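Notes for the one structure printed next.
Bear in mind that the values in this text are calculations on the coordinates, not laboratory data. Since we're looking at a predicted model, the values are computed, not measured. Reconstructed Cβ throughout: ideal geometry from the backbone, glycine too, with neighbour counts over all protein chains shown.
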Ligand code: TYM
């Protein structure tokens, strides 16, 4: 697709997911499932962000298999590679090139505010990689390299998108000509649905995460029916019956999380879910949740296994996607270089 053809698409989304193993229900409900719905109305670009993955040490063979697994998960969930562009980030070198230019636009003070870096680096900040610190700058380059207008993500990425907006407007101020319209569009986050922050099944105050050492904390997209059932049965709860109103849920993080997951899986409001289950105990609610989770995830893991049997097909999809992504990215980066003053 040429850039002029791309101009026909007013709304354009970009989103990414790291190939770091253990794709879970949070990734699915907070991101992938929304992408599937959005691909009908938006020109869509989805990337498996392997450059982001190496900000934390990865075993090379594991990185490769996780990249295949994430590609399979995206496709098995319903992303159509004929409609949307699907590719792995490192295949389009323009991401890294634009990130360098943005490193020279972004201020250290802005990065110092990023909560995810603080969480990921923990107490041992001196030992964190420079890549982990600059991670949000690369994320801004992912989005702006395609002049994406919308970015569908879970709640945890909101701050990074705000930073991408700051970088875009700073670049515009520094380099867009006075009488021209701004070069970069400021991208909008799309944080959609009932499960924008799915919490751990072991601790309702902690986010469900790929890196949690306890596998019982999350439902993986590759979990079997038995594993899903076991994890939901063991999920932490409290001794009270399910309440009638949202206010009564306020200090019950585990109950609130399970009800949000149920609402999201069944595409209904949390108020409606409460009306179905108020006064009931978890022993009544959990089997219903298990049924719903298995019904949603089983077909996805089945399809993933099928796709992973032939990685050649995934290779073709990724290569094709990278070619299409590059066609859009190259001219935009060229314009950026021109504006910055490089000889091109
Ligand atoms: P990552 O790989 O951590 O997560 C992928 C997507 O899943 C969402 N998510 C969740 N949503 C709800 N509940 C949860 N517990 C949960 N955990 C994860 C994330 O919000 C995300 O949408 N930095 C990004 C990847 C990225 C990106 C981008 C995203 C790189 N470049 C450009 C958008 C645009 C990340 O680490 O996602």
### Query
What residues of region 277-294 lie in the reach of a label at residue 238, counting those whose backbone N is under 18 Å from a point 7 Å from the Cα along Cα→Cβ?
277-286
### Task
For helix 60-76, report the angle its Cα long axis makes with the longest principal axis of the Cα atoms of the chain; keep it between 0 and 90° and round to the nearest 10°.
70 degrees
### Query
Using the Cα gyration tensor of the chain, with a ≥ b ≥ c the square roots of its eigenvalues, what is the shape: rounded (a/c below 1.5), prolate (a/b larger than b/c) or oblate (neither)?
prolate
### Task
Would you mind ranking 290, 261 so that the residue whose beta carbon has the fewest other beta carbons within 10 Å leads the list?
290, 261
### Nearest 10 degrees, 0 to 90: helix 158-175 Cα axis against the chain principal axis
10 degrees
#### Entry: Gain upon complete extension [residue 291, residue 115; 0.36 nm per residue less C-alpha separation]
59.8 nm
### Summary
One finds, for residue 323 and residue 37 with R0 = 25 angstrom and r their Cβ-Cβ distance, a FRET efficiency to the nearest 0.05 of 0.45
#### Entry: Prolate/oblate/rounded label for region 75-209 (Cα gyration tensor, a/c 1.5)
oblate
### Pair residue 173, residue 64: separation of 7 Å Cα→Cβ label points (nm)
4.6 nm
### Query
Taking 0.36 nm per intervening residue step and subtracting the Cα-Cα distance, what contour gain separates residue 278 from residue 211 on full extension?
20.8 nm
### Query
Which order do peptides 125-133, 86-94 fall in by mean Cβ count within 10 Å, highest first?
86-94, 125-133
### Summary
So the angle from the long Cα axis of helix 94-103 to the longest Cα principal axis of the chain, reported in degrees to the nearest 10, equals 80 degrees
### Query
If r is the Cβ-Cβ distance from residue 337 to residue 108 and R0 is 25 Å, what FRET efficiency results, to the nearest 0.05?
0.55
